[in-house]
Amino acid sequence: MGISQIVHIPIIALINLGIIYFWNLKVRNRAFRSKTVWLFSFFGSLFNVWGLDVVQRDFVVESVPNMVIVSAGCWLVFVLATNAKYLAIYGWSKRDFWLDYAGDLVSFIISGILIYLAT
């Protein structure tokens, strides 16, 4: 995979970071207050976008609706399923849990669509 095939990943990761920031600021009423939060959020976005790109290439997604399904499926399998166990373990509020992970679903779907359009 050459540089021309991956240049879109950090760009879409920045867009994803913007979505996450906006969601946290407007929906969750939480601002990113430190460089560490920004850095970790960017790396999370970068790896989410990279993972979606890999899945999209391996499954040879051929339409935007299919990419939305792949993105939602990745969110369900990797994000929601992984963190649902912590809902019970740590006693998180169900309301907060769904508000946080709904934002991830939105960011996954938008990132997936952008990946599809970029590739």
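The values are calculated or read from the model by the stated rules, or taken from the named source; none is laboratory data. These numbers come from a predicted model, not from an experiment. Cβ placement follows ideal geometry from the backbone for every residue including glycine, while neighbour counts extend to all protein chains displayed. These area figures cover heavy atoms from the full protein model, side chains too; ligands, DNA and RNA do not enter into them. Shrake-Rupley method; radii C 1.70, N 1.55, O 1.52, S 1.80 Å.
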Those residues of the stretch 3-28 that are in a loop (DSSP other than H, G, I, E, B) and either under 17 Å from Ser107 (Cα atoms) or in contact with a Gly (Cβ under 7 Å, 6 or more places away or on another chain) (or both) come to a total of 2
Conditions (1) free of Cβ contacts under 8 Å to residues at least 12 places away in the same chain; (2) open to solvent by less than 60 Å² (accessible area, probe 1.4 Å); number of the one not met by Lys94: (2)
For the stretch 75-91, which residues satisfy the criterion of being under 15 Å from Trp50 (Cα atoms) and open to solvent by 40 Å² or more (accessible area, probe 1.4 Å)? Phe78
Take Ala72 and decide whether it is modelled with pLDDT of 90 or more, small (Gly, Ala, Ser) and either in contact with an Asp or Glu (Cβ under 7 Å, 6 or more places away or on another chain) or surrounded by fewer than 17 Cβ atoms within 10 Å (Cβ to Cβ) (or both). yes
So Lys35 passes all but one of these: (1) within 18 Å of Thr119 (Cβ to Cβ); (2) at pLDDT 95 or above; (3) surrounded by fewer than 14 Cβ atoms within 10 Å (Cβ to Cβ). Which condition number does it fail? (1)
Identify all residues within the stretch 8-32 that are of a type in the set (Val, Ile, Thr) and open to solvent by 80 Å² or more (accessible area, probe 1.4 Å); write none if there are none. Ile11
Tally, over the stretch 53-62, of residues that are exposed (fewer than 14 other Cβ atoms within 10 Å of the Cβ), in contact (Cβ under 8 Å) with a residue 12 or more places away in the chain and not basic (Lys, Arg): 0
